[in-house]
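Step one of this worksheet: look at the structure below.
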Number of protein chains: 4
Amino acid sequence: MNTINQLSIDQLNDDEKNIIEQVLKGFESKRQGLTTSYVSAMYAMEHQFDGEILNISMPVTPIVYNSLGMMHGGITATAIDTAMGVLANKISPPDKAAVTNQLNLHYTAPIHTGSIQAFAKVIHHGSKSMVIEGWVETAEGKRAAHATGSFFIIDRK
Amino acid sequence: MNTINQLSIDQLNDDEKNIIEQVLKGFESKRQGLTTSYVSAMYAMEHQFDGEILNISMPVTPIVYNSLGMMHGGITATAIDTAMGVLANKISPPDKAAVTNQLNLHYTAPIHTGSIQAFAKVIHHGSKSMVIEGWVETAEGKRAAHATGSFFIIDRK
Amino acid sequence: MNTINQLSIDQLNDDEKNIIEQVLKGFESKRQGLTTSYVSAMYAMEHQFDGEILNISMPVTPIVYNSLGMMHGGITATAIDTAMGVLANKISPPDKAAVTNQLNLHYTAPIHTGSIQAFAKVIHHGSKSMVIEGWVETAEGKRAAHATGSFFIIDRK
Amino acid sequence: MNTINQLSIDQLNDDEKNIIEQVLKGFESKRQGLTTSYVSAMYAMEHQFDGEILNISMPVTPIVYNSLGMMHGGITATAIDTAMGVLANKISPPDKAAVTNQLNLHYTAPIHTGSIQAFAKVIHHGSKSMVIEGWVETAEGKRAAHATGSFFIIDRK
């Protein structure tokens, strides 16, 4: 692990230090079983489920910025796809897994600071596939994206 | 920056160490101007442009895994959206920026290891918007995703 | 108009006669100003608006069948796009028109008989574009399709 | 069939007469086995297949107009969905049928007159589903729409 040791942490700028801290905290959450993937861990996603709507919150920090200094559309998609996928798996039988087959996103407002919430709700629940709608709201409650996705229900290996 | 100092890097497992190394390398690339966002930097994206097709390559490591141990659909979307966005901005006038308005993705094969390449190509180039198609291939040349996106061309502030 | 005169209406089979009758009734509705396009007229679309949701009903007859004897996915799209478009134009200023920029549809159940209702509701209302969601229900209240669309708001000539 | 008999064909205006003629010609084509659905018949669709690309041509007449006097987005979707569906069924085994699961369309130019051609080409051919891309060109060769669709391959009853 020479690469890490050689690099002087002190040479990192503030954004970089904050990103490393966020990633390390994510590792800790993953070890504690609070999240099950490095993607969720790194973006500090936390989810809640009220029985109908699956809700993921995550902070908006430089780790999610695109080159224009706003939240990258792909990371917004990641938050929505995660919310949809967690929901789809939660309502599937234990021996089944749900995988994204198709995802459609409309971006309706830029996201700059604070935190976002991504929501997912079932539209259609078939035996082999599901359609789920998802959306993202800014900290001010503004809808920043709206999406629909279809998921295949497959055998869990 | 106590959090980073207190944490013993030696306590990280191999996946975690690899992720931190990848992120630190990304910071270095960003400082050198090889990439313009932390998102591209962390995922170690490298792009090429032949005048028609914009091509982004990135390694498939645990940093991109979902809870099923395959590349997260949102990160695949991030690679495609980045390829499309870099292309859209490259062919826009200097005083304009292109932002994702809508993105549609079909997932056609899981991605487990190696590296991927994301491609973007213009379908329609209007004065106010563009339609771009994108796709992802695995290291074996298998198409793992196919997408189309529409971009708004706005004034750069 | 020799073509029409020469053809003996008596030689038409029942489905064909029903289609011709439906089309002629549609012409009559259009003359009376109940509908503004031949597409709506031929498919006998009728719409209602409660201030929030635009609702279009239409009969399911052989005129809408695909070669498998069920409602053609394109005609389902036509019903949804019409509901969305009527809504988008209804809530736009008199000197503006709304045109479909992008349409995404998920088909969730086949449609065979009776009638359908297509619904449209605004998700995002910007100054230059809108995102609208739409869905179709069978006579039994089953969701047969779910859609989202984006519309550009342009100057009416 | 009193409705048809009572109506004086002479009272129809030119657009209406042309529409009735087109529909009657479509019935004739369907009887001759040139087309298999009333939808294709009425819109006078003709298709060709070169082994890779399925091509449907259709005339642009008032029968396809929306209230703005241009081709209805839903009818454009119908042409594309038909081209995709014919292709999907053509390359499926005889005991299987392909049905549209999801359809995404980008509209890139209005269509006013002449005729259009809709094209379909396979992007991904799996055992249970396919992804197909489609597009529409005006008589002048301008791309008016671009689409992708996913199809389920089901047992033919």
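The values are calculated or read from the model by the stated rules, or taken from the named source; none is laboratory data. All of these numbers come straight from a predicted model, not from anything done at the bench. Cβ: placed from backbone, ideal geometry, glycine included. Neighbour counts: every protein chain shown. Just the protein is used for accessible areas: all its heavy atoms, side chains included, with ligands, DNA and RNA removed. Shrake-Rupley method; radii C 1.70, N 1.55, O 1.52, S 1.80 Å.
Structure above, values below:
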item	result
Shielding by other protein chains, A:109-121, mean Cβ within 10 Å	0
Residue-normalised accessible area of the protein assembly as shown, given per residue in Å² at a 1.4 Å probe	42 Å²
Other-copy label distances relative to C:Arg143, 7 angstrom Cα-Cβ extension, nm	1.4, 2.9, 3.2
Hz values of 3J(HN,Hα) by residue in the stretch D:19-34 - Karplus curve (6.51, -1.76, 1.60), Gly and Pro given as x	5, 4, 4, 5, 5, 5, 4, x, 4, 4, 4, 5, 4, 7, x, 6
Nitroxide proxy distance, nm - points 7 Å out along Cα→Cβ at D:Lys121 and A:Lys121	4.0 nm
Partner chain coverage, peptide D:93-104 - average Cβ within 10 angstrom	6
Rounded percent of accessible protein surface that carbon and sulfur make up, the stretch A:47-155, 1.4 Å probe	51 percent
Test item: D:136-147 mean partner chain Cβ contacts at 10 Å	2
Cα-centred dipole magnitude for the stretch B:47-155, charges only on beta-carbon of K, R (+1) and D, E (-1), debye, nearest 20	120 debye
Sequence-separation-based contact order of the stretch A:66-157, relative, with Cα cut under 8 Å and 6+ spacing, percent	34 percent
Dipole of the stretch A:47-155, positive direction: furthest Cα of A:Pro94, A:Thr78, A:Leu54, with charges on the beta-carbon	A:Thr78
Backbone N under 19 Å from the D:Lys128 label point (7 Å along Cα→Cβ), restricted to the stretch A:126-157	A:126-132, A:149-157
Between C and D, accessible area buried - total, square angstrom, nearest 100, 1.4 angstrom probe	4600 Å²
Charge dipole (debye, nearest 20) of the stretch B:18-64; +1 at Cβ of Lys and Arg, -1 at Cβ of Asp and Glu	220 debye
Long pairs among A:Lys30/B:Lys30; A:Lys90/C:Lys121; A:Lys25/A:Lys90; A:Lys96/A:Lys121; D:Lys90/D:Lys128, criterion Cα-Cα beyond 21 Å	A:Lys30/B:Lys30; A:Lys90/C:Lys121; A:Lys25/A:Lys90
Note, ³J(HN,Hα) from phi for the stretch D:60-73, Karplus 6.51, -1.76, 1.60, rounded to Hz, x at Gly and Pro	9, 10, x, 4, 9, 6, 8, 6, 8, x, 10, 4, 5, x
Total charge dipole magnitude, the protein assembly as shown, about the Cα centre, Cβ charges on Lys, Arg, Asp, Glu only, Debye to nearest 20	0 debye
For chain B, calculated [θ]222 nm from helices alone, where every DSSP H run of n ≥ 4 adds -39500 (n - 2.57)	-9000 deg cm²/dmol
Percent RCO, i.e. relative contact order, over chain C, from Cα pairs under 8 Å lying at least 6 residues apart	20 percent
